[in-house]
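Peer 1: The structure follows.
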Amino acid sequence: MHDTPETGHHAANDRPQAVARAAATVLHARRALPHGRLMPSSPDTPRTPNPLQFSDRLAARLAWFLAAATFVVGLTWATTAASGADAYGYVSQADLWLERRLTIDQTWLAAAEWPMARWTLAPLGYRPSNLVEQAWHLVPMYSPGLPLLMAAAKAIGGQELLFWIVPLSGAGLVLATFGIGRRLASPGAGLAAAWLVATSPAVLFMLMAPMSDVPVAAAWAASFYFLLNRGRKAAVAAGLAAGLAILIRPNLVFVAALFGLWYLVRIVKAHSDARRAEFVDGALFSIGVAAGATVVALVNRALNGSPLISGYGSLAGAFSSEFFWQNLTRYPRWLVETQSPIVLLGIAALAVPARALWPAARDRTPILLMLPSAVAIWLFYLFYRVYEEWWFLRFVLTSWPFFMVGLGAVLALAARRGGRLTTALLVTGVVALGAWQVTVAIDRSAFNLWKEERRYVTVGRAVRRITDRQSVVFAMQHSGSVRYYGGRMTLRYDGFTGAWIDRVVRWLGDRGITSYMLLDDWEVPIAREQFSQLETGRRLLEPPLLRYRGTSEVFLWKIGGPGEPLTDGESIYDDYVGTRSVEPVAFVPPTLLPYDGPPGFPDLTPPE
């Protein structure tokens, strides 16, 4: 993504306040823990010489600094917009939780009789309810974990705090990675792993967006960190973190089963007098896992009629062996391209539970869980749908702490075997590798993503200004954000086949509703081709009412109906001022006016 001459200005007025708030929050959290430790070291935790010359306390302080920097970066460049599919789906669902309702009533259009009418009403991130009593209601597709966290944050601090969840999760992911590395290898190994996670292009890219990838990775990493500690408090924390991860992304529930094997091993290996305590720890972990799964099941049952049916509905066709081979040429290549081939050393290290690599581990059995967990996650998504963009590495971010801890252990071993010069070269190399990763993230638009996503705010406001309440906007990419920021009803143009869109536009017009179509620049040729033989297609060849220019372009056309737009046409050059953390506007659907004509739809036949 590149700036046009008109969009080179940052929304500077939003930045200093965000950075100041972020720094204050991290400083407060840092002071809340003694000596900056993630958890006080157990008395029986072995002390090993630190090969990278970092004391345990210094390494912990540097890890906290990395976490603070991650939080500040995530908050400063956060998109803070209910954009596209995922971001709109999560943010708008958070509002539904605060309003104590989880469905969107669309009964105003219950008279609609066109094919797939209920689906054309559903914006990105939602689908029609499959419950008979809620036939004209929309339900969220996404799991409730992240929206619940966002709702809690918004209830405390308003719209701005809602967007703090992902940056805070990024900080937690960095700290958990450090903790795992310190427990299993050394403080230096943990610090190297935390640095490589904090500077990972995939992590940085997803750190900016209000989506579930970083939070779920942080929750699983925290669960594994606490799993490495003994005692009931650690078991409760590990279970609650795993339960939260399941609540955020239920399809990775199998990771909890793999983690649970560690408690089973501890029970089997324990002496008879200690077996009861190990059993209690395993039970406490399981209770936390079950709590997360239970909440997911209850929400599924309330919204979809069955605890086993998620918001995605049927996943038939979402997984295939054919996808596996296509994804196998993508995900590993993206990993190496963005993390460098050296990450493969970290993966290989997970298969070698040798004392030389993992000198800090009292019991090296948990090391054997990291590679199977990572492999299981990768296999799950290798069989999933094929995507072309590199940032779909987001699906497998949960494996990042394991890979980077493995790499940190290898580097620590090399430093331990070498002298001071070797150590200095390794430290320099790790710092340089992280710096290179940041340049990759910059080149791949991680730090420009906020400008790309803020267009949804500006365009939504413009549509509200140009149209009146008796309007329907046909859209796909903006089908949710126009509701959120523009308060206008949307229909999905991609749900219409044949001449149905012309017939529906005429049907709406007869009932006093004016129709518009809103398209991103990449959607324009698709829509023109799809409707090329229809009146709608001819309207799309006319000059647009609205032309938005930012990092991309967006266009609005009137395609039918009695009303007149409130402008003859305008162009907007986005300066992004005032687009951070914008509250939604009230959404009120249009009113179908009485119609005295013949029932049904006009019989329109596309021209030959």
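Peer 1: Under 1.5 on a/c is rounded, so check that first for the stretch 177-275, then, if it is not, pick prolate when a/b is larger than b/c and oblate when it is not; a ≥ b ≥ c are the square roots of the alpha carbon gyration tensor eigenvalues.
Peer 2: Oblate shape, in that a/c is at least 1.5 and b/c is the bigger or equal ratio.
Peer 1: For the residues E583, E278, what sequence is obtained by ranking on other C-beta atoms within 10 Å, fewest first?
Peer 2: Ordered by Cβ neighbours within 10 Å, fewest first: E583, E278.
Peer 1: How big is the charge dipole of the chain about its Cα centre, in debye rounded to the nearest 20, if each Lys and Arg gets +1 on its Cβ and each Asp and Glu gets -1 on its Cβ?
Peer 2: 3080
Peer 1: State log₁₀ I(q)/I(0) for the stretch 207-327 at q = 0.12 Å⁻¹ as given by the Debye formula over alpha-carbon point scatterers of equal weight, solvent excluded.
Peer 2: -0.54
Peer 1: How many percent of the alpha carbon pairs in the stretch 292-335 exceed a separation of 17 Å?
Peer 2: 53
Peer 1: So, one more: When N is the residue count of the stretch 145-227, what does its C-alpha Rg come to as a fraction of 2.2 N^0.38 Å?
Peer 2: Expressed relative to 2.2 N^0.38 Å, the Cα Rg reads 1.15.
Peer 1: Let me ask something else about it. Would you kindly compute the Cα radius of gyration of the stretch 525-574 and its largest Cα-Cα separation (Dmax), both in Å?
Peer 2: 11.9, 34
Peer 1: For the ranges 182-191, 319-328, 94-103, what's the packing order if you count other beta-carbon atoms within 10 Å of each residue, average per peptide, and put the highest first?
Peer 2: Ranking the peptides 182-191, 319-328, 94-103 by packing returns 182-191, 94-103, 319-328.
Peer 1: When the expected Rg is taken as 2.2 N^0.38 Å, what fraction or multiple of it is the alpha-carbon Rg of the stretch 388-472?
Peer 2: Computed over Cα atoms of the stretch 388-472, the ratio equals 1.89.
Peer 1: Right, something else. Provide the three semi-axes, in whole Å and in decreasing order, of the ellipsoid equivalent to the stretch 100-248 as defined by the square roots of 5 times the Cα gyration tensor eigenvalues.
Peer 2: 40, 17, 13
Peer 1: Restricting to bridges with both residues inside the chain, how much of the DSSP beta-bridge set is antiparallel, in percent to the nearest 5?
Peer 2: So the antiparallel bridges in the chain amount to around 55 percent.
Peer 1: Quick query: amide H of L491 versus all other amide H atoms, modeled in the peptide plane; which residues come in under 5 Å with a sequence gap of 5 or more or a different chain?
Peer 2: Result for L491 returns V473, F474, A475.
Peer 1: Starting with the fewest neighbours, write out M141, M370, M517 ranked by other beta-carbon atoms found within 10 Å of each beta-carbon.
Peer 2: Listing M141, M370, M517 from fewest to most nearby Cβ atoms yields M141, M370, M517.
Peer 1: Something else: Can you compute the radius of gyration and Dmax for the stretch 57-177, using only the Cα atoms, both in Å?
Peer 2: 18.7, 68
Peer 1: I would also like to ask the following. With the calculation restricted to Cα positions, what are the radius of gyration and Dmax of the stretch 77-143 in angstrom?
Peer 2: So, for the stretch 77-143, Rg and Dmax equal 12.9, 45 Å respectively.
Peer 1: Under the Kirkwood approximation applied to all pairs of distinct alpha-carbon atoms, what is the hydrodynamic radius of the chain in Å?
Peer 2: Value: 25.9 Å, from the Cα pair sum.
Peer 1: Taking the Cβ of L382 as the center, what net charge do the other residues with Cβ under 13 Å away carry, scoring Lys and Arg +1 and Asp and Glu -1?
Peer 2: +2
Peer 1: Cβ neighbours within 10 Å, averaged per peptide: list 305-311, 225-231 in order, most packed at the top.
Peer 2: Taking the mean over residues of other Cβ atoms within 10 Å, the ranking is 225-231, 305-311.
Peer 1: If packing is taken as the average count of other Cβ atoms within 10 Å, what order do 536-546, 444-454 fall into, highest mean first?
Peer 2: 444-454, 536-546
We did not get these values from a lab; they are worked out from the coordinates using the rules stated. Because the structure is a prediction, the values reported are computed rather than measured. Please note: Cβ atoms are built from the backbone with ideal geometry, for glycine as well, and neighbour counts cover all protein chains shown.
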